[in-house]
1. Out of the stretch 76-100, which residues are assigned to a helix (DSSP H, G or I) and modelled with pLDDT under 95?
2. Do we find that VAL31 is under 14 Å from LEU116 (Cβ atoms) and either assigned to a loop (DSSP other than H, G, I, E, B) or touching a residue at least 12 places away in the same chain (Cβ under 8 Å) (or both) in this structure?
3. How many residues are modelled with pLDDT of 80 or more, part of a helix (DSSP H, G or I) and of a type in the set (Val, Ile, Thr) if we restrict to the stretch 167-222?
4. Checking ILE44 against (1) over 28 Å from ARG159 (Cα atoms); (2) out of contact with any His (no Cβ under 7 Å at 6 or more places or on another chain); (3) at pLDDT 95 or above, which test does it fail?
5. Looking for whichever is of a type in the set (Gly, Ala, Ser), touching a Pro at 6+ places or on another chain (Cβ under 9 Å) and crowded, with 17+ Cβ neighbours inside 10 Å here; the options are ALA96, ALA89, ALA35. Which one fits?
6. Listed residues VAL82, VAL113; which is in the same structural domain as ILE56 (by TED's automatic domain parsing), within 21 Å of VAL25 (Cα to Cα) and either touching a Ser or Thr at 6+ places or on another chain (Cβ under 8 Å) or crowded, with 23+ Cβ neighbours inside 10 Å (or both)?
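The values are calculated or read from the model by the stated rules, or taken from the named source; none is laboratory data. In this text the structure is predicted, and so the values were computed from the model without any measurement. Please note: Cβ atoms are built from the backbone with ideal geometry, for glycine as well, and neighbour counts cover all protein chains shown.
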Amino acid sequence: MSHRVVLAEDNFLLREGLRGMLATVAGIEVVAGCADLPQTLSAIAELAPDVVLTDIRMPPDRRDEGIRVADHCRRVHPRIGVILLSQYAEPGYVRALLGQGTQRRGYLLKERVSDLDELVRAIDTVAGGGSVIDPKVVETLIDARTLAGDGEVGRLTRRERQVLEGIAQGRTNAAIAEALVLTSHAVEKHINSIFTKLGLSGDRVNHPRVRAALLYLAEGRR
């Protein structure tokens, strides 16, 4: 399936580097490159892309423009996916993003965009209605909850954290099993254990598990 992408990044070299990388991928078309929030909103309105790949901070204020793009798309263009790019794993921005809902949303660290396969998979996942959160961001959220005295998160084993990171990346059970050298049955057992320890309900096989787990980590929702 082909995806039309708007790039929003005020750093010219990074923006053009991403454009060049994605130009080599069959099925992905970069339809616009934007350097600030007004340009981005204009491109979204005019071009109706499948996904917006946007920096969190860019002109005019360099504060939370990426979050504003995601909020705008949620209200006006709900079928457009948004992937935020950030230099750091910042729980506050993750909470702001996921508070709008996790469907068609992604949060990646800029260091990860050099991995073209991972970037393309994130675009595919978000365009398809899923969510992708950088594993380092998941680690940060888990650590923050643990430091805050959340005993339930602290009960997760190292392997369960690894499985949760895979879920957050939008990976299937089979892909998680392959990456961790486990059987699919073992992965499912870990997922069941994660949900039991965190007191989460819902479908443990399909995408709702991702939304429930991420919202728990980001906001303490159950």
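1. Listed by number, the residues that qualify are PRO91, GLY92, TYR93, VAL94, ARG95, ALA96, LEU97, LEU98.
2. It is false that VAL31 is under 14 Å from LEU116 (Cβ atoms) and either assigned to a loop (DSSP other than H, G, I, E, B) or touching a residue at least 12 places away in the same chain (Cβ under 8 Å) (or both).
3. 5
4. That leaves (2) as the condition not met.
5. ALA35
6. Of VAL82, VAL113, the one residue that is in the same structural domain as ILE56 (by TED's automatic domain parsing), within 21 Å of VAL25 (Cα to Cα) and either touching a Ser or Thr at 6+ places or on another chain (Cβ under 8 Å) or crowded, with 23+ Cβ neighbours inside 10 Å (or both) is VAL82.
Yes/no per residue for (1) part of a helix (DSSP H, G or I); (2) hydroxyl-bearing (Ser, Thr, Tyr); (3) touching a Ser or Thr at 6+ places or on another chain (Cβ under 7 Å):
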| residue | (1), (2), (3) |
| --- | --- |
| PRO38 | yes, no, no |
| SER42 | yes, yes, no |
| LEU53 | no, no, no |
| MET58 | no, no, no |
| ARG63 | no, no, no |
| VAL69 | yes, no, yes |
